[in-house]
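Below: the structure, in structure tokens.
Every read-out reported here was derived from the displayed coordinates using simple, explicitly stated rules and does not represent laboratory data. Note that the coordinates shown come from a computational prediction; the quantities given were computed from them, not determined experimentally. When we count neighbours, we look across all protein chains shown, and the Cβ atoms used for this are built from the backbone with ideal geometry, even at glycine.
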Amino acid sequence: MYMFLPFLRAFAACASASRSRAGLGYLFWGATVVVTVAWFFHHTTDSLNLSF
Amino acid sequence: MSEQRSFGAMLTMIANMLGLLGISLVLMVAFYYQLALGELPCLLQRAGFMAIGIGFLFNLRIGERASHYAMILAGSLVTGFISVRQVALHLGAGDPGYGSTLFGLHFYTWALIAAIGVVGYVALLFVLKDVVGKRGAFEDTPVNGPTSNAAFTIFALVIAANLVSTVLECGAGQCEDNPVHYPMLR
């Protein structure tokens with residue numbers, strides 16, 4: 001699990017925007033979100049002590 | 001009529017720039033607490049804020065598009081979901097919460113408030129667009145002025161700083177469950 005990956009991809013999305021490479025930017029943004037969500041589900045192992 | 005449209009476009013670009021600077025400020029406050037007070041961060045919430053900021057940035061650098069606002073809202077959803085999970089973890093009676101507080105609230109609570117705030121901000125921005133500009137129109141022209149460049153540079157530097165700090169904290173792998181130091185600096 002490479003925790004720095006979302007940050008690296010977010011930086012790549014910024015770099016793409018600075019060069020007006022919209023398609024590449026969308027790709028890196030999507031990768032940032034996908035990796036963030038995947039890492040979230042990987043890390044959330046504690047059960048919630050709640051009942052509704 | 002075209003003057004009115006250009007005034008509306010200018011206003012929404014300023015609103016996008018303020019949004020980007022706001023997200024940068026959130027990340028900088030978190031970074032200040034990390035460096036000055038030794039508070040090790042919740043990296044996923046930061047990544048979520050970056051996803052939000054990229055939407056504002058794209059509106060400035062690539063041009064205003066509905067899909068960029070969708071990116072902001074999707075980023076807010078992800079950040080809000082991650083934050084609400086952490087809030088729920090510490091809801092129990094007698095649980096003191098995790099980490100430092102700012103104005104009496106923990107950072108994950110602030111992250112949730114900020115994520116909801118971004119959704120409200122975008123809603124207001126859409127209303128503003130309809131009031132001052134042509135209804136439903138997007139100005140698909142990038143902004144490359146000095147202020148926009150400064151906002152872009154600040155955001156990019158904050159992301160780069162977070163990238164470096166994450167490598168120092170977690171190395172090329174998974175972070176410790178309850179990190180208290182930077183393994184790469186030992």
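So if we plug the beta-carbon distance of residue B:150 and residue B:70 into 1/(1 + (r/R0)^6) with R0 = 25 Å, what FRET efficiency do we get, rounded to 0.05? Display every interim value, and only then the final one.
Working: r = 26 Å, r/R0 = 1.04.
The pair residue B:150/residue B:70 has a calculated efficiency of 0.45.
Explain nothing, just the number: relative contact order of chain B, from Cα pairs under 8 Å at least 6 residues apart, as a whole percent.
Working: 192 pairs, mean separation 54.4, N = 186.
Dividing the mean separation by the residue count of chain B yields 29 percent.
Could you give the length gained on full extension between residue B:95 and residue B:18, defined as 0.36 nm per residue of separation minus the Cα-Cα distance, in nm? Mind showing how you got there, number by number?
Numbers: separation 77, 0.36 × 77 = 27.72 nm, distance 3.61 nm.
Taking residue B:95 through residue B:18 to full extension adds about 24.1 nm, to one decimal.
What length, rounded to one decimal in nm, is gained on full extension from residue B:130 through to residue B:37, with 0.36 nm per residue of separation minus their alpha-carbon distance?
Values: separation 93, 0.36 × 93 = 33.48 nm, distance 4.42 nm.
Difference between extended and current length: 29.1 nm.
Taking the Cα centre of chain B as origin, work out the dipole magnitude from +1 charges on Lys and Arg Cβ and -1 charges on Asp and Glu Cβ, in debye rounded to 20. Don't skip to the end; give the middle numbers.
Values: 9 positive and 10 negative charges, 73 e Å.
Approximately 360 debye in magnitude.
Which FRET efficiency, nearest 0.05, do residue A:38 and residue B:25 yield, Cβ-Cβ r, R0 25 Å? Numbers along the way, then the final one.
On the way: r = 28 Å, r/R0 = 1.11.
So the FRET efficiency works out to roughly 0.35.
Using label points projected 7 Å from each Cα along Cα→Cβ, tell me how many nm separate residue B:123 and residue B:174, to one decimal.
Once both label points are built, they end up 3.8 nm from each other.
Which order results if B:170, A:14 are arranged by neighbouring Cβ count within 10 Å, fewest first?
Working: B:170 20, A:14 26.
In increasing order of surrounding Cβ atoms, one gets B:170, A:14.
Could you go through segment A:37-47 in sequence order and give the Karplus-derived ³J(HN,Hα) for each residue, using 6.51 cos²θ - 1.76 cosθ + 1.60 with θ = phi - 60°, rounded to whole Hz, and x for Gly and Pro?
For segment A:37-47, the Karplus-derived couplings read 5, 4, 5, 4, 5, 5, 8, 7, 9, 6, 7 Hz, x marking Gly and Pro.
With θ set to phi - 60°, apply the Karplus curve 6.51 cos²θ - 1.76 cosθ + 1.60 along segment B:142-155 and write out the HN-Hα couplings as whole Hz, x wherever there is a Gly or Pro.
Using θ = phi - 60°, the values come out as x, 10, 10, x, x, 5, 5, 5, 5, 4, 4, 5, 4, 4 Hz.
One-quarter of the Cα convex hull surface for segment B:41-131, in nm²?
Average of the hull's projected areas for segment B:41-131 equals 6.8 nm².
Longest segment of chain B with no chymotrypsin sites (Phe, Trp or Tyr not before Pro) in a DSSP loop having at most 14 other Cβ atoms within 10 Å? Could the numbers behind the result be given before it?
Working: sites that count: B:98, B:103.
Here the longest run is B:1-97.
Scan segment B:1-75 for trypsin sites (Lys or Arg not before Pro) in coil per DSSP, keeping those whose Cβ has at most 16 other Cβ atoms within 10 Å, and list them by number. Each step should come with its number before you reach the end.
Working: sites: B:5, B:46, B:61, B:65; in loops: B:65.
Passing sites in segment B:1-75 are B:65.
Just the number, please: Stokes-Einstein D of the protein assembly as shown in µm²/s, Kirkwood Rh from C-alpha pairs, 25 °C, 0.890 mPa s.
Working: Rh = 18.5 Å.
D = 133 µm²/s.
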